[in-house]
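Only the coordinates and a few stated rules stand behind these numbers; no lab work does. The model shown is predicted, which means the values in this text are computed figures rather than measured ones. Backbone-built Cβ (ideal geometry, glycine too); neighbour counts: all protein chains shown.
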Ligand code: UDP
Ligand code: MG
């Protein structure tokens with residue numbers, strides 16, 4: 001069975017249509033599925049709609065958060081509730097085409113553990129939003145070494161990957177990047193981003209910036225490493241400046257008292273920056289430790305015969 005997780009925040013106008021469209025597509029693809037709506041503290045009748053539908057069709061299930069905890073939390077809660085052999089996460093506004101799920105599912109049947117939905121276009125979004133999003137993902141791709149440019153939250157993954165995601169000890173998860181981090185047999189599927197079905201995007205500029213900063217901080221220590229790097233660069237600059245100041249002093253064309261001031265400044269600033277850099281290194285190490293991620297994930301093992309069979 002396939003569990004389809006749909007995080008929904010104030011989507012009352014979309015629930016019914018989305019459920020029907022998805023169920024229809026799954027019927028076409030002859031896929032046994034359940035749909036799990038996770039109402040992320042919606043202020044409208046999102047959950048009531050889901051509850052109504054689930055009375056008619058037990059394949060539709062739902063939970064509601066006590067308040068808005070964000071899409072990341074909604075995704076994880078949905079995965080936790082799902083009972084499927086594989087999982088799909090998609091948006092409630094049908095921007096992720098249900099027909100693509102069939103394609104993803106077939107790949108899962110072929111033996112892929114993760115099928116990444118990759119945007120072949122970016123859909124209709126405002127210029128500013130598009131620019132912000134692409135610069136965020138460009139920076140993040142650089143920082144994490146994972147190509148995040150056109151990736152999305154639309155993906156399918158096997159139950160074993162779901163278990164890994166749920167067992168991540170860190171509080172600040174970044175679903176989109178974690179499946180890349182997990183590895184396994186992965187395939188990409190391209191899809192066209194459709195227009196939002198009903199209502200407006202739930203992201204304001206402020207929430208996007210917050211999301212960007214949060215995810216960079218939760219996935220990379222590069223900004224911290226940059227402090228160290230800047231410290232070293234400034235230190236090198238200070239040595240050069242220090243030498244130049246001393247040369248001037250000994251050549252006798254320095255203003256009285258100026259040399260001492262410059263040297264003192266250089267010494268203090270250099271010391272502070274290097275100190276910050278060292279602290280940064282330790283904080284980066286603490287950060288890695290505190291996430292308590294598994295050191296590795298094992299995929300196959302010769303001691304388990306089934307596994308080796310599966311690898312063939
Ligand atoms: N969403 C959510 N919690 C939030 C914000 C959004 O669960 O705090 C859901 C929303 O209901 C939708 C999906 O996340 O199903 C993507 O949101 P949206 O379509 O607003 O984002 P966009 O497509 O504009 O990036
Ligand atoms: Mg959307």
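Hey, rough spin-label estimate for residue 230 and residue 139, points 7 angstrom out along Cα→Cβ, what's it come to in nanometres?
1.3 nm
Using only the alpha-carbon atoms, what does the stretch 166-296 span along each of its principal axes? Please give whole angstrom values in decreasing order.
75, 38, 25
Alpha carbons only, please: Rg and Dmax for the chain, in angstrom.
25.7, 93
On C-alpha positions alone, give me the angle between the axis of helix 46-56 and the longest principal axis of the chain, in degrees, nearest 10.
30 degrees
Measure off 7 Å from each Cα along the Cα-to-Cβ vector at residue 57 and residue 282, then give the distance between these two points in nanometres to one decimal.
Distance between the two pseudo-spin positions: 5.8 nm.
Can you put 3, 304, 141 in order of Cβ neighbours within 10 angstrom, beginning with the fewest?
Values: 3 22, 304 11, 141 15.
In order of increasing Cβ crowding within 10 Å: 304, 141, 3.
Does anyone have the angle between helix 205-219 and the longest principal axis of the chain? Alpha-carbon axes, 0 to 90°, nearest 10?
Relative to the chain, helix 205-219 is tipped by roughly 80 degrees.
Specify the angular offset, from 0 to 90 degrees and rounded to the nearest 10, of the alpha carbon long axis of helix 222-251 from the longest principal axis of the alpha carbons in the chain.
Between helix and principal axis, roughly 10 degrees.
When you have a sec, figure out the Kirkwood radius of the stretch 258-297 from all distinct Cα pair distances and drop it here in Å to one decimal?
Working: mean 1/r = 0.0800 Å⁻¹.
Computed over Cα pairs of the stretch 258-297, the Kirkwood hydrodynamic radius comes out at 12.5 Å.
Take the alpha carbon gyration tensor of the stretch 28-109, find the square roots of its eigenvalues, order them as a ≥ b ≥ c, and report rounded if a/c is under 1.5; if not, report prolate when a/b exceeds b/c, else oblate. Intermediate values should be presented prior to the final figure.
Working: a/c = 1.88, a/b = 1.55, b/c = 1.21.
Prolate shape, in that a/c is at least 1.5 and a/b is the bigger ratio.
Antiparallel DSSP bridges in the chain: what percent, to the nearest 5?
Values: 8 of 30 bridges.
Restricted to the chain, the bridges split so that about 25 percent are antiparallel.
Give me 33, 86, 92 ranked fewest to most by other Cβ atoms within 10 Å of their Cβ, as a rough exposure proxy. Can you show the working numbers first?
Values: 33 22, 86 26, 92 30.
Ascending Cβ contact count within 10 Å gives the list 33, 86, 92.
For the stretch 110-220, how big is the tail of P(r) above 20 Å, as a whole percent of Cα pairs? Intermediate results must be reported in sequence, preceding the final value.
Working: 2803 of 6105 pairs.
So the pairs more than 20 Å apart make up 46 percent of the total in the stretch 110-220.
Based on the alpha-carbon gyration tensor of the stretch 1-144 and its eigenvalue square roots a ≥ b ≥ c, which shape applies: rounded if a/c is under 1.5, prolate if not and a/b is larger than b/c, or oblate? Write out the running numbers ahead of the final one.
Values: a/c = 1.70, a/b = 1.19, b/c = 1.44.
Cα axes put the stretch 1-144 in the oblate bin.
Do the sum for the chain: with -39,500 (n - 2.57) for every DSSP H run of n ≥ 4, divided by all residues, what is the mean residue ellipticity at 222 nm, to the nearest 500 deg cm²/dmol?
-18500 deg cm²/dmol
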